[in-house]
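Okay, structure first, notes after.
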Amino acid sequence: MVTDAGFLPRADLDRLIGLLREGGRTVIGPTLDDGALVYAEIGSADDLPTGWTDDAAPGRYRLVRDGSERTFGLGPPPQGLKRYTFPSRAPLAVAERTADGAVSFTAAIPDPPRLAFLGVRPCEVAAMLVQDRVLAGGPFVDEDYRARRQASLVVAVACTRSGSTCFCASMGTGPEVTAGHDLAMTELDDGFVVSAGSRAGEQLLARLALPAITPDQHAAATAAVAGARAAQGRQVVTTGLRDRLMDQLDHPRWAEVAERCLACANCTMVCPTCFCTSTTLDSDLDGAATRMERRWDSCFTGDFARVAGGNFRPRRQDRYRQWLTHKFATWVDQFDSFGCVGCGRCITWCPVGIDVREELAAIAPPYEELPMAAPVVAGSTSAYSTAVVRSVAPETADTSTLALVPSDDALLAARPGQFVMVEQPGFPALPISVSRVADGALWLTIRAAGPATTAAIALRPGAQLGLRGPLGRGWDIQRAVGRDVVIVAGGIGLAPVRPIIDTVLRDREKFRHVILAYGARTPADRLYVSEMADWADRGMVVTEIVDRAGPDWLGRVGVVTHLLDQRDWHDRPATAFVVGPERMMEATVATLAERGVPRERIFVSLERHMQCGIGLCGHCQMGPFFVCRDGPCFAMSELGDLFGREGI
Amino acid sequence: MNEHDFVAELGATWFGAGLSLHARARLGECARLLTHPANAVLLREGDDTPFFGILTRGRVALRMRVPERGPVTILTVEPGDVVGWSALVPPHRATSTAVTIEPSTLIEFEPKRLRELLEHDLALSATLYPRLLEAIGRRLSATRQQLLDLYTQQAEPVPW
């Protein structure tokens, strides 16, 4: 609030420091030591590092003299304020045993110093709030931490410059100061815009008796912080991050990053939110007194997960995954916030420059980058819009692909695996999986099975029909990122997986080996034959097999599972998508599972169960699912025993 | 064929990988490695089966002739799988015609000699026959699936 803020001229900074020091309070602020910024006691503004900034990059940190008059031009120091609020060593208790065998325990009584933290970066303040939740917000409280926090004042400084490793804007913790402070300052050339964030802060502000800031000063402060935000951009997309990360527990990147990671634990030592500790016992030789001490520990150390039952996280890749998934996923479950505040220390101080932003983007890329299971479009069974047939291309003797130009653009947002209802007056509506979205048209591949489908493929360019959709839950292609992709289709089942092929080949580098195993009745019954060479050229292994063939066919004859005979995914994480007649899908799922693809990542489409398209007519119900609404694409782990069971 | 090469060659196939080292070494006594050009007829349906073989390279079609339809390919044998299992099962007559559809290399076993070996070396029989049954079982299972004609249209009329 402009009206609440005052302006502290640079020359008056010592007045503030003097107020903070009243009553014996020690002021801790940024100082220069050993070529780095270090929080230490300051006696006056002269102790602050005026005219310096830093050059931080992955695995790199240098102080740079910038010649300015700025006092708080440096980013977060290597060691945060955690060393004052949650020191690396703290006494817990003393256990004593007397000569007659009596045992007693005396808990340590916290005796925190009264501190005022000056020049605290927004990410640092946010980190204290995170630790407040962890250490003092649950049923068990770390008394030493709570006492230290209660005995401290926080004077924060908004950031008007972002370092190359900063990503507070992504994590929602900066560059402005929003909560957790007693006073907040924004540095301008000639002084500071100061506002209060607590009762203690209001009292300090009142005693400073500052002149109200001018509109120009307000504008300058706002613009400076906005500039710092703009310089960062959005580096970590947090939307859905928890789920994205937890979906990737067996991503191959964990092993790759473990090759680079030294397991030195630097990242956890510099992290302002890491709270893991071990209790050490320091006993007299005669065992009369044992001092119990809480010490920082790190989930990166080899023995951190050694508990009574053994070491359950022995591999480095497990430990890196534990750290990253805790910060960005399971922390959310435990404490309702991320365990990362975007200060960038773990990037700067990693000796090999592992950048958490890069790892997150590689392991759990944002959903927005790939078509995902789209939300179900609400609508009634009568909400058709008109579409015009642009072309009809015969695929086989009884199957054609219609390219339809819808009057409602929403249909063009169909995701892979979704379907539409096709209505021709006088015929029952047809649920048809979308086989491609391209050039402003929706492509539907339809086989003449009865009067309605026969009429549909007999349409000519220019003809009109009704469409409703897109409907249903599509393929979870996100689950295939970074893995081998196995697409198995039988007969006309190639149509609903073609959008997966289009997607994967468009973003080919996001996936590892990609294989299509396609089974058809005879060579003449194969779909999309003219596209297969192009698919192969673009990096997909295309394999085909037919049930029967004449002597002209030089390809394979047999069942589609034979195409998987030479494959093994036990050591190669893979995701499979399977569509075809039920018996074919059952045999394929069994083969894939035998060959190492977990059921959570075998997806099937139950498109043959669909009826009205929105799960209201009841025809499509299968156990707890309405296939039209909850499917048609399911992971095998979701279907469980329902898959392949007769009469459900 | 050099015994060491043979054991390695056989071990690299799906069929041979499931056999014991002893079995592979014994089998070497009656084996030869042969490469056939495309369109070579390896077995003729109804004739005595001239060898039991394991395909290592190429592709072999198993065909049956149907009057007025000509030869129909029932199955293609891919590398690793067997050709001529009937050489080991009475009456030792081929159940289909096997034709190479591309240049193909097979490990071929002389049937009489192999049957004698199996008769006298029970350890060999005990590892070879289960593997052979597994191979034939896979074929049977595949044939049943093909018999279901899964990709064809439903027979009953549908309104769609």
Helix B:111-120 sits off the longest principal axis of the Cα atoms of chain B, rounded to the nearest 10 on a 0 to 90 degree scale, by 60 degrees
Here the tail fraction of P(r) beyond 16 Å, over all Cα-Cα pairs of segment A:318-364, rounds in percent to 40 percent
According to the square roots a ≥ b ≥ c of the eigenvalues of the Cα gyration tensor, what is the shape class of segment A:237-365, taking rounded for a/c under 1.5, prolate for a/b larger than b/c otherwise, and oblate for the remainder?
prolate
Answer rounded, prolate or oblate for segment B:56-109, using the Cα gyration tensor with square roots of eigenvalues a ≥ b ≥ c: rounded when a/c is under 1.5, else prolate when a/b is larger than b/c, else oblate.
oblate
When you have a sec, figure out the Kirkwood radius of chain A from all distinct Cα pair distances and drop it here in Å to one decimal?
29.0 Å
Below 14 angstrom from the Cβ of A:R62, what's the summed charge of the other residues (Lys, Arg +1; Asp, Glu -1)?
-2
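Net charge near A:R148, counting Lys/Arg +1 and Asp/Glu -1 over other residues with Cβ under 14 Å of its Cβ? Let's see the in-between values first.
Details: positive: A:R25, A:K82, A:R83, A:R89, A:R114, A:R146, A:R149, A:R294; negative: A:D111, A:D132, A:D142, A:E143, A:D144.
In short, +3.
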Residues A:K82, A:K510 arranged by fewest to most Cβ contacts within 10 Å
A:K510, A:K82
To make sure I understand, if each residue's beta carbon is the centre and we count other beta carbons within 10 Å, what order do B:W85, A:W475 fall in, fewest to most?
B:W85, A:W475
A:G51 neighbourhood, Cβ < 14 Å, K/R = +1, D/E = -1, net charge -3
At 222 nm, what helix-only mean residue ellipticity would chain A give, in deg cm²/dmol to the nearest 500, using -39500 (n - 2.57) for each DSSP H run of four or more?
-7000 deg cm²/dmol
Where does each of B:H22, A:H513, A:H181 land when they are ranked from fewest to most other beta-carbon atoms within 10 angstrom?
B:H22, A:H513, A:H181
Kirkwood Rh over Cα pairs of segment A:376-496 into Stokes-Einstein at 25 °C, 0.890 mPa s: D in µm²/s?
166 µm²/s
Percent of alpha carbon pairs in chain B separated by more than 22 Å?
44 percent
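Per-residue Cβ counts within 10 Å, from other chains only, averaged over B:139-148: what number is that?
Numbers: counts 1, 0, 3, 9, 2, 2, 9, 8, 1, 5.
Mean inter-chain Cβ contacts per residue within 10 Å come to 4.
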With a/c under 1.5 counting as rounded, go ahead and sort segment A:1-98 into rounded, prolate or oblate using the C-alpha gyration tensor (a ≥ b ≥ c being the square roots of the eigenvalues; past the cut-off, prolate if a/b is larger than b/c, else oblate).
oblate
In Å and from the alpha-carbon atoms only, list the Rg and Dmax of segment A:477-603.
13.7, 42
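Throughout, read-outs are computed from the coordinates displayed, never taken from laboratory work. In this text, all values refer to a predicted model and were calculated from it rather than measured experimentally. We place every Cβ from the backbone using ideal geometry, glycine too, and count neighbours over all the protein chains shown.
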